[in-house]
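**Student:** Here it is, the structure in full.
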Amino acid sequence: MAEKLAYWQALNYALDAEMAGDDSVFVLGEDVGLYGGAYRVTEGLYAKYGEWRVRDTPISENSFTGLGVGAAMIGLRPVVEIMTTNFSLLALDAIINMAAKIPFMSGGQFGMPLVVRMPGGVAKSLAAQHSQRLEHTLMNVPGLRIAVPATPQDAYWQLRQAIASDDCIVLLEHELLYGEKGEVDLQAASPPMHQAVVRRTGRDLTIVAYSRMANLAQEAADVLAGEGLDAEVIDLRSLQPIDWDLCEKSLRKTRHLLIVEEDCRFAGAGAEIAATLTERCFDVLAAAPLRLGGLGLPTPFNAALEAVSIPQVDDIVEAARQLSRSPRGT
Amino acid sequence: MERDQLRGMVRDLLLARRFEERAGQAYSEGEFGGFLHLYPGEEAVAVGVLHAAEPSDYVVSTYREHVHALVKGVPPGRVMAELYGRRDGCSGGMGGSMHLFDRERRFMGGYAIVGETFPVAIGIAYGIVMRKLSEAVICFFGEGAANQGTFHESLNMAALWRLPVLFVCENNRYQIGTEVHRQSALPEIHKRACAYGMPGENADGMDVLAVHEVAQRMLRGIRAGQGPQLLELNTYRFRGHSMADAGAYRSRAEVESYKRTGPLQRVEQDLVAPVDRLTGSSIALDQTTMQQLRDEVEQIVEAAVAFAEASPAPALSDAWDALDANRRHETLVRPEPRHG
Ligand SMILES: Cc1ncc(C[n+]2csc(CCOP(=O)(O)OP(=O)(O)O)c2C)c(N)n1
Ligand SMILES: [Mg+2]
């Protein structure tokens with residue numbers, strides 16, 4: 001029943017399924033219509049659903065995202081595509097001051113069935129203004145929920161769940177994942193939207209990662225297995241809320257925690273993960289948690305420097321070795 | 001107009017075209033990656049406007065800014081080396097195609113977030129007024145950027161405080177794949193100037209002399225303290241939005257019709273001919289001169305490529321240095337090496 005789909009296609013199927021099932025779902029953003037989306041996610045939808053449901057917007061991020069907020073207040077289900085995360089900085093007023101706060105400030109009178117999708121991350125020589133990750137900022141905003149699908153199957157499930165949800169959901173997609181293919185079962189029951197998943201079981205250490213880094217962590221785990229280090233890999237799938245119970249369960253088994261994030265390490269998602277899991281598992285940890293993250297640099301244009309500015313598979317392998325050798329190890 | 005000046009403009013038109021074609025070729029050969037936004041079709045805009053600029057004028061531009069940098073005087077080798085991500089690039093290999101900077105030549109940057117050029121430009125202009133100088137800021141932007149909030153916010157402040165900015169709209173009719181009538185309620189961008197009590201004009205952006213004439217007049221007024229003005233230049237890009245764009249949203253016939261009346265065709269038609277429209281005297285360039293100019297730019301561009309290829313890649317320490325460039329001897333916490 002499963003078919004092989006690219007990540008962008010899985011998102012496209014999810015949009016199509018939700019739009020077909022509910023007239024109140026509509027999509028808007030730059031070049032989502034006639035052009036089919038900068039990353040093809042909305043391909044074919046304009047022809048199928050027409051311009052009122054697939055709206056090409058001017059370059060006015062704050063106002064078209066705010067339009068989504070207003071429409072959501074009267075029960076529509078807008079899916080705003082911000083062409084890349086970098087441009088969402090211009091829409092943070094709509095996302096943080098409005099979408100995240102209106103349900104609360106109104107004493108719960110209004111829902112916010114709004115989805116904001118944005119691709120981000122370091123891709124290929126896109127330079128400092130086009131390589132950003134924003135999870136650190138969004139995670140710190142009460143009222144937002146954040147999904148970070150790493151596989152086509154999760155992209156399909158989580159986008160459908162996000163559209164069906166009455167809360168504001170931010171979907172952080174990764175620019176380098178759009179072309180990645182994977183099995184997608186369109187009929188299978190989905191796990192809860194914010195549940196983490198163990199991608200590989202192991203007993204020596206736990207690697208917690210999300211988005212593209214979850215895939216690199218799995219590759220690293222394969223290398224480590226060859227050296228006799230058995231890593232458990234957890235893909236968080238969600239950054240708000242975070243499935244702490246699953247992480248804790250794993251840590252109680254492995255007693256070693258390695259966190260991998262692409263974002264700058266300083267004050268990044270990994271800092272929250274390390275702090276909370278240390279609070280919960282201090283009694284069993286055999287070593288201080290190790291955080292592997294991006295350098296505290298704007299992303300350089302030069303391709304070789306860009307590559308060293310974020311974790312690569314080799315870096316994860318090396319960090320895992322280091323963790324297993326740490327003084328209080330075993 | 002002097003014949004030498006005309007020759008200089010034509011040379012820059014040819015240089016602009018050749019530089020971009022060569023950059024596109026190097027990109028296709030895998031010499032560097034990223035987004036590459038090329039300028040063919042729009043050359044008369046940068047050349048006409050910037051030949052009316054003084055060296056003391058500032059330029060703020062977008063991600064489609066190689067030609068603006070070249071005409072403002074940034075050496076072609078330094079621009080090409082930046083596209084290659086090399087150490088001798090004008091931004092040290094840290095910025096790439098979309099982020100050319102040259103402080104000495106008052107090239108104040110290429111900005112890749114649409115709508116950023118406006119506030120930067122009015123900030124520079126504010127400083128010029130505070131210092132009581134007669135300089136101007138030239139702020140380039142695409143017609144798509146006119147729908148960003150910063151356009152309205154910045155034009156209002158510029159007019160309110162009479163800041164010396166020439167806002168230059170490069171109206172090439174497309175915002176990636178979205179045609180101007182599908183993004184703008186009022187597609188004639190210069191007409192928006194009246195909302196801020198600011199003069200607005202438009203001109204044929206394919207005609208380098210027409211562009212030059214209007215830009216010169218506007219810039220003189222701006223430097224004389226008359227406040228900001230908005231200039232819309234109607235043009236067209238012959239290539240995709242970037243190298244990644246196949247351009248399926250517009251017909252081949254449309255592209256071909258613009259190519260037939262492009263800025264270089266106009267030069268061949270109007271200038272390699274007997275009479276100068278502005279002075280009535282003959283300043284025309286002959287075919288021999290044209291060939292000399294073509295040979296000259298070919299050499300300049302090949303030298304730029306050779307310079308870029310010979311330049312080393314920046315090291316990681318260069319990246320940290322770029323980040324810390326302005327810290328000098330400041331002690332932040334305690335005197336220690338910088339990066340733990
Ligand atoms: C704030 C922001 N939103 C979206 C983009 C993506 N984007 C890059 S160029 C562009 C179109 C710009 O069109 P226009 O202003 O007409 O300039 P042109 O490229 O035609 O010169 C878009 C949407 C961006 N870089 N910044
Ligand atoms: Mg345009």
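**Student:** Looking only at region A:27-40, decide whether some residue is closer than 15 Å to A:ARG160 by Cβ and not aromatic (Phe, Trp, Tyr).
**Tutor:** yes
**Student:** Only residues that are within 28 Å of B:ARG250 (Cβ to Cβ) and crowded, with 23+ Cβ neighbours inside 10 Å: list them for region B:153-174, please. Before you say what the answer is, go through the steps one by one.
**Tutor:** Within region B:153-174, the subset within 28 Å of B:ARG250 (Cβ to Cβ) is B:167-174.
Of everything in region B:153-174, those that are within 28 Å of B:ARG250 (Cβ to Cβ) and crowded, with 23+ Cβ neighbours inside 10 Å turn out to be B:PHE167, B:VAL168, B:CYS169, B:GLU170, B:ASN171, B:ASN172.
**Student:** For region A:219-255, give me each residue that is out of contact with any Leu (no Cβ under 8 Å at 6 or more places or on another chain), closer than 30 Å to A:GLN161 by Cα and not aliphatic (A, V, I, L, M).
**Tutor:** Matches in region A:219-255: A:GLU219, A:ASP235, A:ARG237, A:SER238, A:PRO241, A:ASP245, A:LYS249, A:SER250.
**Student:** Every residue in region B:116-149 that is assigned to a helix (DSSP H, G or I), aromatic (Phe, Trp, Tyr) and either at pLDDT below 95 or within 16 Å of the chain's Cα centre (by Cα) (or both), please.
**Tutor:** Listed by number, the list holds a single entry, B:PHE118.
**Student:** Within region B:90-113, take every residue that is in contact with a Lys or Arg (Cβ under 6 Å, 6 or more places away or on another chain) and surrounded by 23 or more Cβ atoms within 10 Å (Cβ to Cβ) and give me the one that is farthest from B:GLY77 (Cα to Cα).
**Tutor:** Let us first name the residues in region B:90-113 that are in contact with a Lys or Arg (Cβ under 6 Å, 6 or more places away or on another chain), namely B:90, B:93, B:105, B:107.
Then keep just the ones that are surrounded by 23 or more Cβ atoms within 10 Å (Cβ to Cβ); that gives B:90, B:93, B:107.
Working: B:CYS90: 9, B:GLY93: 13, B:PHE107: 16 Å.
Among them, the one singled out is B:PHE107.
**Student:** Can you give me the number of residues within region B:216-254 that are outside any strand (DSSP E or B) and under 24 Å from B:MET98 (Cβ atoms)?
**Tutor:** Within region B:216-254, residues that are outside any strand (DSSP E or B) and under 24 Å from B:MET98 (Cβ atoms) number 16.
**Student:** Right, another one. Mind counting the residues in region A:280-319 that are hydrophobic (A, V, I, L, M, F, W, C), more than 9 Å from chain B (Cβ to nearest Cβ) and either over 20 Å from the mean Cα position of the chain (by Cα) or in a helix (DSSP H, G or I) (or both)?
**Tutor:** Residues flagged as hydrophobic (A, V, I, L, M, F, W, C), more than 9 Å from chain B (Cβ to nearest Cβ) and either over 20 Å from the mean Cα position of the chain (by Cα) or in a helix (DSSP H, G or I) (or both) within region A:280-319 amount to 13.
Residues checked against (1) touching a residue at least 60 places away in the same chain (Cβ under 8 Å); (2) more than 16 Å from ligand 2 (Cβ to nearest atom); (3) touching a Leu at 6+ places or on another chain (Cβ under 6 Å):
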residue: A:TYR49; (1), (2), (3): no, yes, no
residue: A:PRO58; (1), (2), (3): no, no, no
residue: A:THR65; (1), (2), (3): no, yes, no
residue: A:GLY68; (1), (2), (3): no, yes, yes
residue: A:SER88; (1), (2), (3): no, yes, no
residue: A:LEU92; (1), (2), (3): no, yes, no
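**Student:** (1) more than 16 Å from ligand 2 (Cβ to nearest atom); (2) within 12 Å of chain A (Cβ to nearest Cβ); (3) in a loop (DSSP other than H, G, I, E, B): which one isn't true of B:ALA81, the others all being true?
**Tutor:** B:ALA81 satisfies every listed condition except (3).
**Student:** While we're looking at this one, here's another question. Taking region A:70-114 on its own, how many of its residues are farther than 29 Å from A:ALA128 by Cα and β-branched (Val, Ile, Thr)?
**Tutor:** Count: 2.
**Student:** May I pose another question? Looking at region B:175-220, which of its residues are within 13 Å of ligand 1 (Cβ to nearest atom), within 17 Å of B:HIS152 (Cα to Cα) and buried (at least 18 other Cβ atoms within 10 Å of the Cβ)?
**Tutor:** B:GLN183, B:SER184, B:ILE189
**Student:** In region B:151-174, which residues are within 10 Å of ligand 1 (Cβ to nearest atom) and part of a strand (DSSP E or B)?
**Tutor:** The answer is B:CYS169, B:GLU170, B:ASN171, B:TYR174.
**Student:** Do you know which of the residues in region B:141-155 that are more than 16 Å from ligand 2 (Cβ to nearest atom) and more than 9 Å from every other protein chain (Cβ to nearest Cβ) is nearest to B:ILE176 (Cα to Cα)?
**Tutor:** Looking at the filtered set, the residue picked out is B:HIS152.
**Student:** Could you check region A:1-117 for helices (runs of 4 or more DSSP H) lying wholly inside it with 3 or more residues that are in the same structural domain as A:LEU177 (by TED's automatic domain parsing) and under 16 Å from A:GLU173 (Cα atoms)?
**Tutor:** Values: elements: A:7-21, A:45-49, A:61-73, A:85-88, A:102-105.
Output list reads A:7-21, A:85-88.
Residues are listed down the side, and each one gets a yes or a no for (1) more than 14 Å from chain B (Cβ to nearest Cβ); (2) free of Cβ contacts under 8 Å to residues at least 60 places away in the same chain; (3) in contact with a Gly (Cβ under 9 Å, 6 or more places away or on another chain):
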site: A:LEU114; (1), (2), (3): yes, yes, yes
site: A:ARG117; (1), (2), (3): yes, no, yes
site: A:VAL122; (1), (2), (3): no, no, yes
site: A:SER125; (1), (2), (3): no, no, yes
site: A:GLN132; (1), (2), (3): no, no, yes
site: A:GLY143; (1), (2), (3): yes, yes, no
site: A:VAL148; (1), (2), (3): yes, no, no
site: A:GLN153; (1), (2), (3): yes, no, yes
site: A:TYR156; (1), (2), (3): yes, no, no
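**Student:** Would you tally the residues in region A:235-261 being assigned to a helix (DSSP H, G or I) and of a type in the set (Val, Ile, Thr)? So that I can check it myself, show each step before the final result.
**Tutor:** First, pick out the residues of region A:235-261 that are assigned to a helix (DSSP H, G or I): A:244-254.
From what's left, of a type in the set (Val, Ile, Thr): A:254.
Final tally of qualifying residues: 1.
**Student:** Restricting the search to region B:239-264, which residues are surrounded by 14 or more Cβ atoms within 10 Å (Cβ to Cβ), within 14 Å of chain A (Cβ to nearest Cβ) and more than 20 Å from the chain's Cα centre (by Cα)?
**Tutor:** Result: B:ASP245, B:GLY247, B:TYR249, B:ARG250.
**Student:** Let me ask something additional. Within region B:114-131, restricting attention to residues that are under 17 Å from B:HIS68 (Cβ atoms) and of a type in the set (Val, Ile, Thr), which residue is farthest from the other protein chains (Cβ to nearest Cβ)?
**Tutor:** The selected residue is B:ILE124.
**Student:** Within region A:193-215, is even one residue of a type outside the set (S, T, N, Q), buried (at least 19 other Cβ atoms within 10 Å of the Cβ), at positive phi and out of contact with any Cys (no Cβ under 8 Å at 6 or more places or on another chain)?
**Tutor:** no
**Student:** Still on this structure, I have one more. For B:GLY89, indicate whether it is out of contact with any strand residue (DSSP E or B) (no Cβ under 9 Å at 6 or more places or on another chain), at pLDDT 95 or above and within 14 Å of another protein chain (Cβ to nearest Cβ).
**Tutor:** On the way: out of contact with any strand residue (DSSP E or B) (no Cβ under 9 Å at 6 or more places or on another chain): yes; at pLDDT 95 or above: yes; within 14 Å of another protein chain (Cβ to nearest Cβ): yes.
So B:GLY89 fits the description; yes.
**Student:** If I filter region B:179-201 down to residues being within 16 Å of ligand 2 (Cβ to nearest atom) and either touching a Leu at 6+ places or on another chain (Cβ under 7 Å) or at positive phi (or both), which single residue comes out as farthest from the other protein chains (Cβ to nearest Cβ)?
**Tutor:** B:HIS190
The values are calculated or read from the model by the stated rules, or taken from the named source; none is laboratory data. Being a predicted model, the structure only gives us computed values, none of them experimental. Glycine also receives a Cβ, built like all others from the backbone with ideal geometry; neighbour counts cover every protein chain displayed.
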